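One structure is given here, and the rest of the page talks about it.
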Amino acid sequence: MSNIISYTLSMRIKDDENWPDSDQYANRSVSGAFLLDDSNPQRHILDIGRCGGEVRIEAGFDFSRTTNGAVAIVGNLKLYEGESEDSGDLDGTESVNDSVAANRSTTLTKRVNNTADADGGDWADITLTVRNSLLSPTDACSNIDAKAQTLGLSFTGLAESGCEAVRGGHRRRYQNCDIYYSPTTGAHEVHGEIRSKYNAKGGPDSDLLLPITDETPTPMPDTRGRYNHFSGNGSIYWHPHTGPMEVRGEIRRVWATRGWERSGLGYPTSDEMHIQQRPNQWFSDFQNGVLFWEESAEKEPATATLPRAKVLAALDSAFRRRVTDRRVDIQSVSIAGVSATGYDFWRSRNRSITFRITGEILSGSFLIPDPDWWVEMFLKLEATPMPNARQTVAVQIVKADTPRIHVEGIASRTIFNEISAAIDRNFSAPIKLADIPAEAGLLSVKVMPDGGIKLFFRPDPAGSFAAFTAQGALDRLEI
């Protein structure tokens with residue numbers, strides 16, 4: 001059973017001024033609506049009014065469900081008066097205690113005066129009008145309409161369907177969201193990219209079933225991510241660096257015990273993928289790792305790793321070997337940065353690594369200074385097709401973006417063009433590192449946040465052998 005609370009909060013404020021200045025008045029009114037139900041039995045609203053440059057009114061009200069569908073209302077009214085409207089001088093308070101029965105309305109009025117100054121004539125008349133409508137849990141359409149009212153037309157857009165029966169409940173489609181309802185899940189909206197992914201998976205006909213939350217921001221420290229939880233023991237998480245990804249079942253439970261997206265795994269970068277039936281195997285890819293589940297237990301994938309220092313050494317050697325012009329002196333190669341993972345609807349893109357190469361062009365003359373140059377190359381590790389533990393995968397290095405080139409000194413334009421042409425000759429086509437056969441069970445190929453590289457394989461004898469072989473190849477890597 002739910003209550004929809006519709007309210008209008010009005011203020012009439014006076015800022016008392018001494019002669020010869022005139023008293024000043026201000027009016028303010030706000031309206032809104034919200035739901036109270038078993039999962040959210042309480043709600044707090046706060047509104048602030050200002051007048052005359054010196055008076056500030058804070059009107060806060062708490063609403064709580066009680067017996068028989070009634071709602072208790074407790075209000076705290078505060079008057080601040082000082083040298084500015086942001087003054088911290090509390091000069092008057094009042095309180096309100098009342099309730100409104102189910103399917104009834106009430107109006108509460110209270111004046112709060114400036115009581116700190118004997119001559120203070122500042123005051124505010126606060127009026128709160130409340131309508132408490134009790135919704136039957138069996139009336140799905142009314143609950144959906146009430147949810148839409150609380151969200152507002154600017155959020156939902158216009159309705160695009162009737163109140164239609166779906167698996168497990170009811171739904172109404174709007175321009176900007178869909179609202180689902182059942183007596184056990186309540187009324188919840190799905191919108192944006194999460195809505196698109198939910199629909200692509202089959203919506204309520206999928207294993208996700210019905211939403212049990214609205215789209216919700218992830219907590220600190222990130223707050224940029226969004227998620228909906230669903231009654232089918234699953235969730236869809238979205239982040240601008242990943243896209244919308246489904247995580248469910250036991251893998252979701254393990255991820256949750258580790259701290260969700262705040263864990264070392266980060267956000268999911270794939271949906272859960274089912275590998276085979278006997279034994280039953282699933283895995284989900286994350287920004288910084290892989291969770292693998294077999295039958296009734298989590299298993300650690302087999303891995304092969306190339307640390308950041310060896311990645312740098314391999315690319316340093318690759319850059320130097322590709323320089324055939326004896327005038328070119330490479331002085332240093334460094335890792336200047338590692339990007340975030342990249343958005344995709346089905347499988348997030350790998351991080352890219354920025355390599356910075358600096359050097360000189362030997363002029364051959366004591367009288368002519370050697371021009372200085374630097375290049376920033378954006379390279380990423382790419383697996384084609386995306387690994388799923390069942391198919392052959394080509395692992396290669398590709399340019400992620402147009403290189404940045406800077407030259408200082410004599411003939412800078414000519415040198416710029418020569419460097420650009422050399423990069424095109426050597427890096428325009430992907431550099432293949434390996435073809436990993438299907439039987440190796442490759443799950444994921446990752447550039448890690450520090451610039452290292454990690455390969456994840458199925459935790460079975462074939463995958464373990466493949467990881468051992470891959471580790472040897474990485475240790476001897478020559479690009």
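Annotations for the structure displayed:
- Residues in segment 403-422 reached by a label modelled at residue 363 [backbone nitrogen below 20 Å; 7 Å Cα→Cβ]: 406-419
- Looking at segment 140-302, the pairs of alpha carbons with a distance over 23 Å make up 40% of the total.
- Principal-axis tilt of helix 308-321 within the chain, Cα atoms, nearest 10 degrees: 50 degrees
- Bridgeable lysines around residue 399 (alpha carbons under 22 Å apart, same-chain partners fewer than 8 residues away excluded): 310, 380, 432, 446, 454.
- Once the Cα-Cα distance is subtracted from the 0.36 nm per residue extended length, the residue 98 to residue 256 segment shows a gain of 52.8 nm.
- Cα-derived Rg to Rh of segment 53-203, Kirkwood definition: 1.16
- Efficiency of FRET between residue 111 and residue 138 - r from beta-carbon atoms, R0 30 angstrom, step 0.05: 0.10
- Span from the segment 384-439 Cα centroid across to the segment 247-270 one, whole angstrom: 33 Å
- Rounded to whole Hz, the Karplus (6.51, -1.76, 1.60) HN-Hα couplings of segment 75-85, x for glycine and proline: x, 10, 10, 10, 10, 10, 9, x, 7, 8, 5
- Neighbour-count ranking [beta-carbon atoms within 10 angstrom, fewest first] of 242, 216: 216, 242
- Listed by chain and number, the lysines placed with their C-alpha closer than 23 angstrom to that of residue 14 are 78, 110; residues fewer than eight positions away on the same chain are left out.
- Label-to-label distance, nm, for residues given as residue 425 and residue 84 (7 Å Cα→Cβ offset): 6.5 nm
- Cα-based helix-to-principal-axis angle, 140-151 vs the chain, degrees rounded to 10: 80 degrees
- Listed by Cβ neighbour count within 10 Å, with the fewest neighbours leading, 79, 35 appear as 35, 79.
- Qualifying trypsin sites (Lys or Arg not before Pro) for segment 405-479 [loop in DSSP, other Cβ within 10 Å: at most 15]: 476
- Mean separation of Cα contacts under 8 Å (6+ apart) over length of the chain, as relative contact order %: 8 percent
- Distance from the Cα centroid of segment 63-112 to that of segment 1-31 is 13 Å (rounded to whole angstrom).
- Taking the C-alpha atoms only, the angle from helix 461-475 to the longest principal axis of the chain is near 70 degrees.
Values quoted throughout were computed directly from the atomic coordinates according to the rules given, and no laboratory measurement underlies them. Because the structure is a prediction, the values reported are computed rather than measured. When we count neighbours, we look across all protein chains shown, and the Cβ atoms used for this are built from the backbone with ideal geometry, even at glycine.
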